[in-house]
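Here the structure comes first, spelled out in structure tokens, and everything after it is commentary.
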Amino acid sequence: MGRYVIRRLLWTVLVVLVVTLLTFVVFYVMPPGNPSVRFAGKQPTPELIAQVEKQLGLDRSLPEQYAHFLRRLFLGDGTECPLVYRPLCSIESVENFVVLDTGGCATGVSGCGWPGLGMSFDSRTAVRQELIERTPRTLSLIFGAAVIWLVVGVSIGVISALKRRTIWDRLAMGFALFGISAPVFWLGLVALWIFTVKLPFSDSLGTGYVEFGNDPVGWFTHLILPWTVLALLYAAFYARMTRGNLIDTMGEDYIRTARAKGLPERRVIFKHGLRASLTPIVTMFGLDVALLVGGAVITETVFNIQGLGNYAVQSAVSADLPAMTGVVVIVAFAVAFMNLVVDIVYAYLDPRVRYS
Amino acid sequence: MATVAPEIHEAGPPAEPETDVVGLSPRQLFWARFKQDKAAVAGLVIIIVLIVLALAAPLIAKLVGHGPNDLFQREMTDSFGVPKGPNADFWFGADQAGRDVFVRAIYGARTSLIVGLVATGIAVFFGTIVGILAGYFGGKIDTAISRTIDVVLSMPILLFAIGIVAACGTTGCLNGLIEPGLTLVIFVIALFSWPYIARIVRGNTLSIREKEFIEASRSLGAGNTRIMFREVLPNLVAPIVVYSTLLIPTNILFEAALSFLGLGVPQRTPSWGGMLSDATQYFRFAWWLMFFPGIFLILTTLSFNLLGDGLRDALDPRSNR
């Protein structure tokens, strides 16, 4: 078990490293053009561009930039923070044709620390700060949706598998097929149209995000539509998967044994059948939740929730590389973390994992 | 299987019950089973209709008299710029620029089908080769490929896709190899969908390579390449067909999502995702903007999913679902 955990941890670190490398290549190496030009004001001179390049660290070789990126990411950017931000304050002034070294600029900078994610090209504030503000919104969205899809999806799957080839099964699988075929953004628009235009809920069920601390009821009513819409797709997948797995499991020999020794059917289904057929679902659930940290892009866009996915899209459109990279790195961390959690849950659910 | 028997019996000449039992080829068996599945047949029919509509799009535009990018602002938007709904001339109404939603929806089928089919085709091609290599050779090759697949599948695919499209969307990438527009979208979708096929092909190859006929072929002196592509590959056709059919709707939705976010095909090219993106601002008072493209999109993905499920049931009689 100890060796297994160490192997898993090493693999996790490797995955995070690979994803950061890919992120770096995709977002820093692939795009043509020089991002420094945008910072050099309306009439960039070569000297100014060179100066900006130096300040953004873009004058160094690519491996050096990557090493710097990694060091900042894993060790934090606490020490270099003031050094990075102060020169840029003066550059901002260059855009207004007033070249000033406003030394006091750096004092107002917040958001340095661990993990160091650099500074947004667009807002010229720390990406970390922006991510900290947006994360609770995205987590609220994922949390509610995950509860709904897990409960709804697995229940539908179990009912469908146990009442195979009945009208209930047909209805459930029809719903699941619709769920996996329907685009989230369309469902979102339709839901908004029905509930806020056609039905008189427009005041209570709105778009946007309300802080839980300020108004728990508003938090709930503003999230109930996004939760449902986001959960529908996943509920459909989970229903199909639960049904298939449970049907396979219920055909196993040990189920026959359990029945033969006289266990009540309820116990056979839930203790022996469902437990074994849930293990692949746990794997999927962990990965799905982690990927949604940055991947609820569409739901966030439709329902105007200023979360992480929404930030990623805005940053992509304006080629704000550090912001985009920040979101991707956070998702990579989330995936790595959830994979570890899944492995632990797995060992609990499936005794074979513990003993091998 | 039991449900198929009467169908086959009826197909035979009823006047001569004494005739020898004629064996059915696998293809006939497959077709007999597939025909039973009404939903799958319906899916196939809808897909064929959609393909015909997509091919005939310019013809339909000519018959209607509105091109996909013709502006009818005077006729179809009021003085506030609000589009008008369906009428005899504009069956699906018009959008905020006064363009015919019906004609654009038909043209949208072109975009969706081209992206869905071509991207899936590329993904299946590479996924199959990579999957066979991993499953057939095993060992280090398998480890390397399987780990790569694991990493790709645990990446935030949509974010990377958005990033690549944004990065390459203006002037292209990799020295002009990837051009902005449709090519870029297809490239990005294929890049992130081959692992699904590779994983399935690898799994199937693992079990096929242990079969006796592979050993027989090897003892006759066949080389690795020959065994992989002449012996193993034909046995992979069924799973590949099923999973490619199921990958098509996923990829169609992928394109629609990118276009919805404004990072898919260029704005002028009609696409269902792009039309729904336009609808976000107007759907409160112009329901047709979101209704029709959405119906087309869901009908398309639903049909491919129905067809894929039907193919799986017909090609794999062992599964008793």
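Side notes on the structure shown:
- Annotation for segment B:158-165: at least one member residue is open to solvent by 20 Å² or more (accessible area, probe 1.4 Å) and over 29 Å from residue B:52 (Cα atoms).
- Boolean, residue B:269 is away from chain A (no Cβ under 14 Å), within 30 Å of residue B:94 (Cα to Cα) and not basic (Lys, Arg): yes
- Index of the failed condition, residue B:180 passing every other in (1) at the interface with chain A (Cβ under 7 Å from one of its Cβ atoms); (2) part of a loop (DSSP other than H, G, I, E, B): (1)
- Against the criterion of being open to solvent by less than 10 Å² (accessible area, probe 1.4 Å), away from chain B (no Cβ under 14 Å), among the β-branched types (Val, Ile, Thr) and touching a helix residue (DSSP H, G or I) at 6+ places or on another chain (Cβ under 6 Å), residue A:268 qualifies.
- Close pairs (9 angstrom Cβ cut-off, 6 or more residues apart or separate chains): farther than 28 Å from residue A:280 by Cβ and without any contact (Cβ under 8 Å) to a residue 40 or more places away in the chain in segment A:320-341, open to solvent by less than 10 Å² (accessible area, probe 1.4 Å) and not in a helix (DSSP H, G or I) anywhere: none
- Here residue B:311 clears all of (1) buried (at least 23 other Cβ atoms within 10 Å of the Cβ); (2) without any contact (Cβ under 8 Å) to a residue 60 or more places away in the chain; (3) more than 14 Å from every other protein chain (Cβ to nearest Cβ) except the condition numbered (2).
- Only residues that are open to solvent by 10 Å² or more (accessible area, probe 1.4 Å) and under 18 Å from residue A:299 (Cα atoms) were counted across segment B:239-256, and they come to 3.
- Sole exception among (1) open to solvent by 20 Å² or more (accessible area, probe 1.4 Å); (2) touching a Phe, Trp or Tyr at 6+ places or on another chain (Cβ under 8 Å) for residue B:74, by number: (2)
- Flag for residue A:348 being more than 8 Å from chain B (Cβ to nearest Cβ), open to solvent by 10 Å² or more (accessible area, probe 1.4 Å), part of a helix (DSSP H, G or I) and touching a Lys or Arg at 6+ places or on another chain (Cβ under 7 Å): no
- Residue match in segment B:297-313 (condition: more than 18 Å from the chain's Cα centre (by Cα), in a helix (DSSP H, G or I) and not polar (S, T, N, Q)): yes
- Residue in segment B:298-305 that is more than 10 Å from chain A (Cβ to nearest Cβ) and either surrounded by fewer than 20 Cβ atoms within 10 Å (Cβ to Cβ) or touching a residue at least 40 places away in the same chain (Cβ under 8 Å) (or both) present: no
- The listed residue being open to solvent by 10 Å² or more (accessible area, probe 1.4 Å) and away from every other protein chain (no Cβ under 11 Å), out of A:291, A:278: A:278
- Index of the failed condition, residue B:274 passing every other in (1) within 22 Å of residue B:124 (Cβ to Cβ); (2) at pLDDT 90 or above; (3) crowded, with 18+ Cβ neighbours inside 10 Å: (1)
- Residues satisfying the stated conditions in segment B:187-246, i.e. among the acidic types (Asp, Glu) and in a helix (DSSP H, G or I): B:212, B:215, B:231
- Scan of segment B:205-238 for residues that are touching a residue at least 40 places away in the same chain (Cβ under 8 Å), of a type outside the set (A, V, I, L, M, F, W, C) and surrounded by fewer than 23 Cβ atoms within 10 Å (Cβ to Cβ), ordered by number: B:209, B:224
- Residues of segment B:77-96 satisfying the condition of being surrounded by fewer than 17 Cβ atoms within 10 Å (Cβ to Cβ) and under 30 Å from residue B:189 (Cβ atoms): none
- Among (1) crowded, with 19+ Cβ neighbours inside 10 Å; (2) at pLDDT below 85; (3) within 10 Å of another protein chain (Cβ to nearest Cβ) - the single one residue A:297 does not satisfy: (2)
- Members of segment A:300-326 that are touching a Phe, Trp or Tyr at 6+ places or on another chain (Cβ under 6 Å) and either within 9 Å of chain B (Cβ to nearest Cβ) or assigned to a helix (DSSP H, G or I) (or both): A:302, A:321, A:324, A:325
- Selected residue (only one of B:254, B:260, B:283 is aromatic (Phe, Trp, Tyr) and either more than 22 Å from the chain's Cα centre (by Cα) or away from every other protein chain (no Cβ under 13 Å) (or both)): B:283
- Among the residues of segment B:97-128, those that are open to solvent by 60 Å² or more (accessible area, probe 1.4 Å) and not aromatic (Phe, Trp, Tyr) comprise B:110, B:114, B:117, B:118, B:122.
- Residue in segment B:271-290 that is in contact with a Phe, Trp or Tyr (Cβ under 8 Å, 6 or more places away or on another chain) and part of a loop (DSSP other than H, G, I, E, B) present: yes
The values are calculated or read from the model by the stated rules, or taken from the named source; none is laboratory data. Note that this is a predicted model, so its numbers are computed, not measured. Cβ coordinates were reconstructed from backbone atoms using ideal geometry, including for glycine residues, and neighbour counts include every protein chain displayed. What goes into the accessible areas is simple: the full protein's heavy atoms, side chains included, and nothing from ligands, DNA or RNA. Shrake-Rupley method; radii C 1.70, N 1.55, O 1.52, S 1.80 Å.
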